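Contents: one structure, followed by commentary.
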Amino acid sequence: MYDVISNDILAPSLHRLVVRAPRIAPARRAGQFVIVRAEKGDERIPLTIGDADPAAGTITLFVQAIGASTKKIVAIPAGGAILDVAGPLGQPTHIGSWERVACIGGGVGTAVLYPLAKALAEAGNRITTIIGGRSSQYVILADELAAFSGELLVTTEDGSRGRKGFVTMELAELIADPLRAPRAVFAIGPVPMMRAVAELTRPHGIETVVSLNPIMIDGTGMCGGCRVVVGGESRFACVDGPEFDGHLVDFDNLSARLATYRGIEAEHICRLAGKEAA
Amino acid sequence: MSGELSMKERLAIERVHMPELDAAERSRTFAEVNRGLDREKAVREAQRCIRCRNRDCVAGCPVGVSIPEFVGALADENLPEAARILTRDNALPAVCGRVCPQESQCEARCVRGKKGDPVAIGYLERFVADWAMSHVGELSAEPLPAPIGKSVAVVGCGPAGLTAAGELARKGHAVTIFEALHDTGGVLRYGIPEFRLPKTIIDAEVARLLALGVTMECNVIIGKTLTLSQLQAEFDAVFIANGAGLPTMLNIPGENLKGVYSANEYLTRVNLMGAGRDPGSPTPIIRGRHVAVIGGGNTAMDCVRTARRLGAERAMIVYRRSEAEMPARVEEIKHAKEEGVEFVMLTAPLEVVANWEGWSHALRCQRMELGAPDPSGRRTPVPVAGSEFDLPADVVVNAVGTRANPLLTATAPELALNRWGNIAGDENGGTNLPGVYAGGDIVRGGATVILAMGDGKRAAAAIHGYLGSGAA
């Protein structure tokens, strides 16, 4: 069992859990994730490790409650415990020196972005952070990111916070400004956002890293369910990723595979609610 | 007393048949197919053993079970003695009695098989192991040796790891098993379906090891959570048995369409996560009306029989050679056929064809014919020009094999590998690093449960020798 030390709500249905995992905390590097099961019989859910405190033996998880399994995880209060936490899994982020780096987060992807943006800043890169959400309540971790970002830009689709529109508008202006143009871009968020960022940077030849979240089970390379097509080859997000060159990722295939169980999940939720499936 | 049976009487007994669930009934449930022998039938079958002098059956067993002795005790209806001998020699007898290919091992060497049918050693092993499980109270508890102050880390809780752990614990070593998944058993749990090996059997075998004082730590991935060098610093010896967990891709177009699974993913969803099996399981699986499973091994049989149980109207094995070359056990092929599985032989997959929504719709195939034998002695399949055809398949499962999982070896560059990425081990599992041993599929590539167990047993003996030699 892995004790939950604290559980805060950051945004509607987005929680920050600090969990005791003394073996994982010292081993973890930015960009890695854990596989979590709340209770016996539950799904194995991959979650990015947002931060770690090796001295305290704790890790921080950002969890968006979207399905039955993630709702169960966020319902565990401080003082409670998670049954299984396995990791750290995946390749750590390659922390290079590019001088100017743009870090772009969309929705809950901002939580995945946070640890690697922090690591990039600590390595001496000047960070411009652009985060976006549907409306102000979905803009998360702005203060935490501002703490180490040279510049923090916010966009919302409804204009309720920052600029009205999408993160790509800010990125396009950044690229057009020779004094601010990034040498590398890290983009994490919904698939359409990552695709749009990759298309925007491609003509400029700006190195672009995206972090993918395909359906995953074991997280150790054993099942291959998380395979993604990168540069025409099958790669496993759990052992080869989760970060890949955004210019080589087949986003159509990723979107399609992410939708594999959509019908089944809808049916399951309907049954849980005691309603007839439509 | 059977001791009074004459040779003629022994020879006159016909080999027993394993009672099975009715094929039509079982092809829709995950209940165990083989029901096991009753006591009367088991004793009678044991009396077929003529107690020959050569004991070739023992040489045919990768873990060297004292077969004539346990079978003899059973024939004499001394079940506690039969159980004592069997559990002493074999760490997982209830597993082996169910999944071992006895027909190519112990039973293949049985002298009675030279003229007629060999003694059904596998059925008897299962009977004695199951009897022992349900009569724990009547068996004297195994005396534990005093701790000798040495510690061993076992990486992986599959058949090799469990066997090594049991052997080492019995010799007084402090053993800790590190398992990457959330549950025990490795491939026994995530790979082999319940209709062949009920999970309660794995639970009971693991419980027996824990009773020997073995420590189990799940959710620890060696190479990620801890490195090999950390284990070397913390333990006196290490046994690596983390399996060949990395699916081999087909490298054909359409392999990444929705509805295309690796065997590991398909079986893990159902066996480990309960998808399609436990009514409350939140892990989903695509059931499929027409399921094509590519491959001819036991894993392919497990997948295709699972597909039938998940409701497939057509469940097909697609194999590029003929049935004679199939590596699957004869019993698995027989059971699959009885359950309505179609065997599409001499057929190689070319492409998974999508429907308009991006789902697998058909498996485009090509007919093959058998040419000259390859180095393994099996005839090489050769494509027949112009023979392309489509099989309907809304689910395709790739069961062509696995490769070495790189997680541990990637963070242990000092560990010598062979050219396939498997750990290079000698006949006792010794690696190039002192005190580090390896066995099972991480050394062999994809092999069987019993060969992995044999590796675990030999490595445990070697580790015991190493730790006793003062080198550690």
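The values are calculated or read from the model by the stated rules, or taken from the named source; none is laboratory data. In this text, all values refer to a predicted model and were calculated from it rather than measured experimentally. All Cβ positions, even for glycine, are placed from backbone atoms using ideal geometry, and neighbour counts span all protein chains on display. Protein only, heavy atoms only, side chains kept; ligands, DNA and RNA dropped before computing areas. Shrake-Rupley method; radii C 1.70, N 1.55, O 1.52, S 1.80 Å.
What the table shows:
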{"item": "Lone unmet requirement of (1) closer than 18 Å to B:R28 by Cβ; (2) open to solvent by less than 20 Å² (accessible area, probe 1.4 Å); (3) more than 11 Å from chain A (Cβ to nearest Cβ); (4) over 23 Å from the mean Cα position of the chain (by Cα) for B:I285", "result": "(3)"}
{"item": "Condition check for B:A174: at pLDDT 95 or above, closer than 30 Å to B:G97 by Cβ and within 14 Å of another protein chain (Cβ to nearest Cβ)", "result": "no"}
{"item": "Inter-residue pairs, beta-carbon under 8 Å, first at positive phi and in the stretch B:363-391, second polar (S, T, N, Q), 6+ apart", "result": "none"}
{"item": "Exclusive hit being more than 11 Å from chain A (Cβ to nearest Cβ), touching a Ser or Thr at 6+ places or on another chain (Cβ under 6 Å) and hydroxyl-bearing (S, T, Y), set B:T215, B:T227", "result": "B:T215"}
{"item": "Residues of the stretch A:55-72 that turn out to be within 9 Å of chain B (Cβ to nearest Cβ) and in a loop (DSSP other than H, G, I, E, B), as a count", "result": "1"}
{"item": "Among (1) surrounded by 21 or more Cβ atoms within 10 Å (Cβ to Cβ); (2) of a type in the set (D, E, K, R); (3) more than 15 Å from the chain's Cα centre (by Cα) - the single one B:E138 does not satisfy", "result": "(1)"}
{"item": "Members of the stretch A:242-269 that are without any contact (Cβ under 8 Å) to a residue 40 or more places away in the chain and open to solvent by 20 Å² or more (accessible area, probe 1.4 Å)", "result": "A:D245, A:L248, A:D250, A:D252, A:N253, A:A256, A:A259, A:R262, A:G263, A:I264, A:A266, A:E267"}
{"item": "Leading residue by the ranking (surrounded by the most Cβ atoms within 10 Å (Cβ to Cβ)) among those in the stretch A:197-209 that are in contact with a His (Cβ under 9 Å, 6 or more places away or on another chain) and under 28 Å from A:L47 (Cβ atoms)", "result": "A:T208"}
{"item": "Top-ranked residue of the stretch B:230-260 - restricted to ones that are among the acidic types (D, E) and more than 9 Å from chain A (Cβ to nearest Cβ), ranked as most open to solvent (accessible area, probe 1.4 Å)", "result": "B:E234"}
{"item": "Of residues in the stretch A:1-30 being more than 13 Å from chain B (Cβ to nearest Cβ) and assigned to a loop (DSSP other than H, G, I, E, B), the one least open to solvent (accessible area, probe 1.4 Å)", "result": "A:A30"}
{"item": "Odd one out for B:V353, checked against (1) among the hydrophobic types (A, V, I, L, M, F, W, C); (2) farther than 26 Å from B:M18 by Cβ; (3) away from chain A (no Cβ under 14 Å); (4) buried (at least 20 other Cβ atoms within 10 Å of the Cβ)", "result": "(4)"}
{"item": "Top-ranked residue in the stretch B:265-281 [being part of a helix (DSSP H, G or I) and touching an Asp or Glu at 6+ places or on another chain (Cβ under 8 Å); ranked as most open to solvent (accessible area, probe 1.4 Å)]", "result": "B:L272"}
{"item": "Residue among B:A312, B:A362, B:A307 that alone is out of contact with any helix residue (DSSP H, G or I) (no Cβ under 7 Å at 6 or more places or on another chain), in a loop (DSSP other than H, G, I, E, B) and within 23 Å of B:G254 (Cα to Cα)", "result": "B:A312"}
{"item": "Criterion violated by B:A263 - all others in (1) in contact (Cβ under 8 Å) with a residue 60 or more places away in the chain; (2) closer than 20 Å to B:G446 by Cβ; (3) away from chain A (no Cβ under 14 Å) satisfied", "result": "(3)"}
{"item": "Subset of the stretch B:326-350 that is crowded, with 18+ Cβ neighbours inside 10 Å and of a type in the set (D, E) - its residue that is nearest to B:R26 (Cα to Cα)", "result": "B:E339"}
{"item": "Failed criterion for B:F127 (all others in (1) among the hydrophobic types (A, V, I, L, M, F, W, C); (2) touching a residue at least 24 places away in the same chain (Cβ under 8 Å); (3) under 29 Å from B:V43 (Cα atoms); (4) surrounded by fewer than 18 Cβ atoms within 10 Å (Cβ to Cβ) hold)", "result": "(4)"}
{"item": "Selection status of B:M273, within 8 Å of chain A (Cβ to nearest Cβ), touching a residue at least 60 places away in the same chain (Cβ under 8 Å) and under 23 Å from B:N405 (Cα atoms)", "result": "no"}
{"item": "Identity of the residue in the stretch B:24-76, among the acidic types (D, E), out of contact with any Gly (no Cβ under 9 Å at 6 or more places or on another chain) and in contact (Cβ under 8 Å) with a residue 60 or more places away in the chain, that ends up most open to solvent (accessible area, probe 1.4 Å)", "result": "B:E32"}
{"item": "B:A165 being open to solvent by less than 10 Å² (accessible area, probe 1.4 Å), under 28 Å from A:P88 (Cβ atoms) and more than 14 Å from chain A (Cβ to nearest Cβ)", "result": "yes"}
{"item": "Among residues of the stretch A:36-54, those that are closer than 18 Å to A:N213 by Cα and part of a strand (DSSP E or B), counted", "result": "8"}
{"item": "Residue among A:A102, A:A78 that alone is buried (at least 20 other Cβ atoms within 10 Å of the Cβ), in contact (Cβ under 8 Å) with a residue 12 or more places away in the chain and of a type in the set (G, A, S)", "result": "A:A102"}
{"item": "B:D117, sole failed condition from (1) in contact with a helix residue (DSSP H, G or I) (Cβ under 7 Å, 6 or more places away or on another chain); (2) within 29 Å of B:I333 (Cα to Cα); (3) not hydroxyl-bearing (S, T, Y)", "result": "(1)"}
{"item": "Every residue from the stretch A:195-241 that is without any contact (Cβ under 8 Å) to a residue 60 or more places away in the chain, more than 14 Å from chain B (Cβ to nearest Cβ) and within 19 Å of the chain's Cα centre (by Cα)", "result": "A:R195, A:A196, A:A198, A:T208, A:V210"}
{"item": "When residues of the stretch B:174-191 are limited to those that are of a type in the set (A, V, I, L, M) and open to solvent by 10 Å² or more (accessible area, probe 1.4 Å), the one nearest to B:A24 (Cα to Cα)", "result": "B:V187"}
{"item": "Subset of the stretch B:104-114 (residues that are touching a helix residue (DSSP H, G or I) at 6+ places or on another chain (Cβ under 6 Å) and open to solvent by 20 Å² or more (accessible area, probe 1.4 Å))", "result": "B:R109"}
{"item": "Residue under evaluation A:S135, criteria (1) closer than 30 Å to B:P406 by Cα; (2) polar (S, T, N, Q); (3) surrounded by fewer than 20 Cβ atoms within 10 Å (Cβ to Cβ), criterion not met", "result": "(1)"}
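Quick grid of which residues meet (1) under 18 Å from the mean Cα position of the chain (by Cα); (2) within 14 Å of chain B (Cβ to nearest Cβ):
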residue	(1), (2)
A:A86	yes, yes
A:G90	yes, yes
A:G106	yes, no
A:K118	yes, no
A:T129	yes, no
A:F148	no, no
